[in-house]
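The values are calculated or read from the model by the stated rules, or taken from the named source; none is laboratory data. It should be emphasised that the depicted structure is a prediction, and the values quoted were computed from it without experimental measurement. Cβ: placed from backbone, ideal geometry, glycine included. Neighbour counts: every protein chain shown. In case anyone asks, the SASA skips ligands and DNA or RNA and just uses the protein heavy atoms, side chains included. Shrake-Rupley method; radii C 1.70, N 1.55, O 1.52, S 1.80 Å.
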Amino acid sequence: MKHTISVLVENEFGVLTRVAGLFSGRGFNIESLSVAPTLDPSVSRMTIVTCGDDGILEQITKQLNKLIDTIKVTDFTGQDYVEREMALVKVTAEEDTRAEVLRIVDIFRAKVVDVTPRSYTLEITGAPTKLNAVIDLLRPMGIKELVRSGPVVMGRGL
Amino acid sequence: MKKTGSQILLECLLREGVDTVFGYPGGTVINIYHDLADYPIRHILTRHEQAAVHAADGYARTTGRVGVAIATSGPGATNTVTGIATAYMDSIPLVVITGQVPTPLIGNDAFQEVDIVGITRSITKHNYLVQDIKDLARIIKQAFYIARTGRPGPVLIDFPKDIQIQSTWFEYPDKVEMRGYKPTYSGNLRQVEKAANLIMAARKPVIYVGGGASGADASEELLAFAEMTRIPVTTTLLGMAVFPQRHTQSLGMLGMHGTYYANMAVTHSDLLIAVGARFDDRVTGKIASFAPHAKIIHIDIDPTSIKKNVRVDLPIVGDLKDVLKKLADALDRRSDELPALIHAMGPWREEIAAWKRGYPMVYQSSDSVIKPQYVIEQLSELCSEDAIITTEVGQHQMWTAQFFAFSRPRTFLTSGGLGTMGYGLPAALGAQVAFPERQVIDISGDGSFQMNSQELATLVQYGLPVKIVILNNQYLGMVRQWQELFFDRRYSQTPLELPIDFVKLAEAYGATGFSVSRPDQVREVICKAFETPGPVIMEFKVDREENVMPMVPAGAAINEMVLAS
């Protein structure tokens, strides 16, 4: 089962390697990982999407907590949260498909951020499932390049 | 007052109460060594950096204090890796300081540069690269704190040469503040109550003790808890000295080369109380058949140890001293019911006694050839009660676990988790430095001994009277045993065919050597060695193809023991 884990860590050199090394060293899987400083610049937040059964997830959470640089670990699975990911998609846009691409952009409230005579670069934001849907629709037109940020999450409410 | 980086390091060591360090100089630690002479810190110069770390480990295991080792950058640092991994696997508190090339050269593949922080990341509890002299005192304070608190472990500080030379105002922080590191010491009382209830309901309980009980110095609390309930106690290799092996409740070691009765007791138990143990594969054998009928209570300081390998019915995270004390208190509150409980466990005690009578730890004795087990028995009998025993890794290590009657905590030093050959001699060195007046004995095989035999020089130089027992079978015996039992007796690369004259080797270093090959000489030579001042090698030419028995074949359940070959 897929889990989204948010990890607050000391914003120090080598912390990313410690976390990544923990996953690779113990055979845990990282599906995506995003890192950036929080409001407090001495703290970074990592959002990790991983998968595994309950036993594996319990070990992942415990092992993350065991790292000296880890301040807090939250598994959002089963909680109410907002999840967003961004994708940049460079899609072929020849004469016969340019209009269709723009329709898809419109429907999914995406944005065109770069235009050439033969392609559009689109910015799409939303839940990973929405991104998958857009990418599936664009695929027949010819996706030249795809960059996804990996999701970030935040609990709902106060 | 302003101090240089290397002076700050030494000041900090003093404030941490360090009086002894083990190490080996080199280009990037030359400043530290230059300043060392100004400080009341004893430095033991080993002949290899790996040995310096093992010696610091031996010092830590016997004293309970943090062991300190120093090595230079590059090869000096990589030589510490095996020592650090050994300490990490057995949860031993160490601070290892490595020199590093000057900061502007880091990443340039400079002479004697390695990324030792990267290399040791997965074998240290934590590690540091000092990047700013202003952080130095805080880093050292944190390193010692991390090493000795919670589940102990090694911490490495990589210290670039240019920062050793820079100066700053020195101020040692009073306390450590780390928002990400707060070990749980106090066991949850509600969990303890539940544990007490499980114990009161049990009819076939077993206490299973690991090295954590040694690290926590919890042997008194363990003994009290065990005696008030009369529950039998089995220990892992690292837990052996925590519980007196001659105690009537002792089942000896469990697992691959454990006693038949310990393994049977665990397999038939209805409640397994794990105390500072981590359900290693050498203990559990086939996981699916391990303690199949038992509820499991797991008491440990490290939450990651719990439910890592086996299902656990009742976890208690905390310091073992604290939890065992609370558990005894909880049982004390049920003291009216305790006699009934002890009575109800009568048939269980009898069942265990029958296994003990039926399948005791025995070996085939001989008048013509020295049996290795006999040597261990005689050592156990002849050495003083507070003697410190170290071992290397292999058959001799298992025979020591099986036939030496350990009775005091922190007297048995062996590489359990990593299984490091070459550990025993330098560990004995460290133990003898810590306790110059006590008997320190390294029990070794001819294979393992040659992995760090250069430390004879260190022993002689510092007048450390370690007694070294070599059970010489001219084989890498444990691997040979596996080849005999599971690989059609094809002894591929396990005979050590070149006969070594260990007596001459001892003499070459200025030590004393004895060599015997007849059983009737064993006691005599042990006594002679104990009376001889300084380091002594006792070589026993033993039965070459003796096997360690009983044995659980790899992957089998622990009740499926092979009793004799």
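For the range A:60-66, the Karplus equation 6.51 cos²θ - 1.76 cosθ + 1.60, evaluated at θ = phi - 60°, returns couplings of 4, 4, 5, 5, 4, 4, 6 Hz by residue, with Gly and Pro reported as x.
DSSP loop trypsin sites (Lys or Arg not before Pro) in the range B:160-267 with at most 11 other Cβ atoms within 10 Å of their Cβ, which ones? Here the trypsin sites (Lys or Arg not before Pro) that fit, given the DSSP loop and packing criteria, are B:Lys175, B:Arg246. Multiplying each eigenvalue of the alpha-carbon gyration tensor of chain B by 5 and taking the square root yields semi-axes of 39, 32, 20 Å, largest first, rounded to whole angstroms. Note on B:Glu193/B:Ala288: beta-carbon distance plugged into 1/(1 + (r/R0)^6) with R0 of 35 Å gives a FRET efficiency of 0.70.
At q = 0.11, 0.15, 0.17, 0.19 Å⁻¹ the log10 of I(q)/I(0) for the range B:401-554 amounts to -0.45, -0.84, -1.07, -1.30, computed by Debye summation with a single uniform scatterer per C-alpha, solvent ignored. The 3J(HN,Hα) values that the Karplus relation (6.51, -1.76, 1.60; θ = phi - 60°) gives for the range B:145-161 are, in residue order, 5, 5, 4, 9, 9, x, 7, x, x, x, 10, 10, 10, 9, 10, x, 4 Hz. Gly and Pro appear as x. Distance between the pseudo-spin-label points of B:Arg408 and B:Leu45 (7 Å out from Cα toward the beta carbon): 3.3 nm.
Note on the range A:85-140: Rg/Rh from C-alpha atoms, Kirkwood Rh, equals 0.93. Using a probe of 1.4 Å on the protein chains alone, the accessible area found for B:Phe487 is around 120 Å². Database remark: amide H of B:Gln439 closer than 5 angstrom to the amide H of B:Ile388 (H placed geometrically; neighbours at sequence offset of 5 or more, or on other chains; Pro and chain starts carry no H).
Just so you know, the Rg over Rh for the protein assembly as shown is 1.04, from Cα atoms, with Rh as the Kirkwood radius.
Around the amide H of B:Phe22, modelled in the peptide plane, lie the amide H atoms of B:Ile44, B:Val68, B:Ala69, B:Ile70, all under 5 Å away and 5 or more residues distant in sequence or on another chain. For the range A:1-64, the C-alpha radius of gyration sits at 1.09 times the compact-globule guess of 2.2 N^0.38 Å, with N the residue count. Projecting label points 7 angstrom from Cα along Cα→Cβ for B:Glu531 and A:Val112 puts them 10.2 nm apart. A run of chain B free of exposed loop cleavage sites, with GluC sites (Glu not before Pro) counted only in DSSP states other than H, G, I, E and B and at most 12 other beta carbons within 10 Å, reaches its longest extent at B:1-170.
Take B:Tyr359: with every protein chain present and a 1.4 Å probe, its accessible area is about 90 Å². Of all DSSP-defined beta bridges confined to the protein assembly as shown, some 45% are antiparallel rather than parallel.
Centroid-to-centroid, using Cα positions, the range B:311-339 and the range B:33-49 are 46 Å apart.
Could you calculate the FRET efficiency of B:Ala340 with B:Asp270 from 1/(1 + (r/R0)^6), where r is the beta carbon distance between them and R0 is 22 Å, rounded to 0.05?
With a Förster radius of 22 Å, E is 0.85.
With θ taken as phi - 60° and the Karplus curve 6.51 cos²θ - 1.76 cosθ + 1.60 applied, the whole-hertz 3J(HN,Hα) list for the range B:196-212 is 4, 5, 4, 5, 5, 8, 7, 10, 9, x, 9, 9, 10, 10, x, x, x Hz, x standing for glycine and proline.
Counting 0.36 nm for each residue step from B:Ala201 to B:Ala224 and taking away their Cα separation leaves a gain of 6.3 nm. The per residue volume of the convex hull around the alpha-carbon atoms of the range A:1-156 is 135 Å³. Applying the criteria of a DSSP loop state and at most 14 other Cβ atoms within 10 Å to the GluC sites (Glu not before Pro) of the range A:20-91 yields A:Glu31.
With the simple spin-label model, which puts each label point 7 Å out from Cα in the Cβ direction, the A:Glu94 to B:Tyr491 separation comes to 7.6 nm.
You can think of it this way: the chain between B:Asp332 and B:Asp19 has 108.4 nm of extra reach, that is 0.36 nm per residue less the Cα-Cα gap. Between amide H atoms placed 1.01 Å from N, distances below 5 Å from B:Gln474 occur with B:Asp446, all of them 5 or more places distant or on a separate chain. When you filter the chymotrypsin sites (Phe, Trp or Tyr not before Pro) in the range B:232-311 for DSSP loop state and at most 13 other Cβ atoms inside 10 Å of their Cβ, nothing is left. For the range B:224-270, rounded, prolate or oblate, judged on the Cα gyration tensor with a ≥ b ≥ c (square roots of eigenvalues), a/c < 1.5 rounded, else prolate if a/b > b/c? In terms of gyration-tensor shape, oblate. Legend: distances between Cα atoms for B:Lys134/B:Lys321; A:Lys111/A:Lys144; A:Lys2/B:Lys295; A:Lys62/B:Lys194; pairs beyond 26 Å are B:Lys134/B:Lys321; A:Lys2/B:Lys295.
In terms of the Cα gyration tensor, with a ≥ b ≥ c the square roots of its eigenvalues, is the range B:1-99 rounded because a/c is under 1.5, prolate because a/b exceeds b/c, or oblate? Judged from the Cα gyration tensor, the range B:1-99 comes out oblate (a/c at least 1.5, b/c at or above a/b). As an exercise, use a Förster radius of 25 Å and the Cβ-Cβ distance of B:Ala564 and B:Arg246 to find the FRET efficiency, rounded to the nearest 0.05. Working from the Cβ atoms, E equals 0.55.
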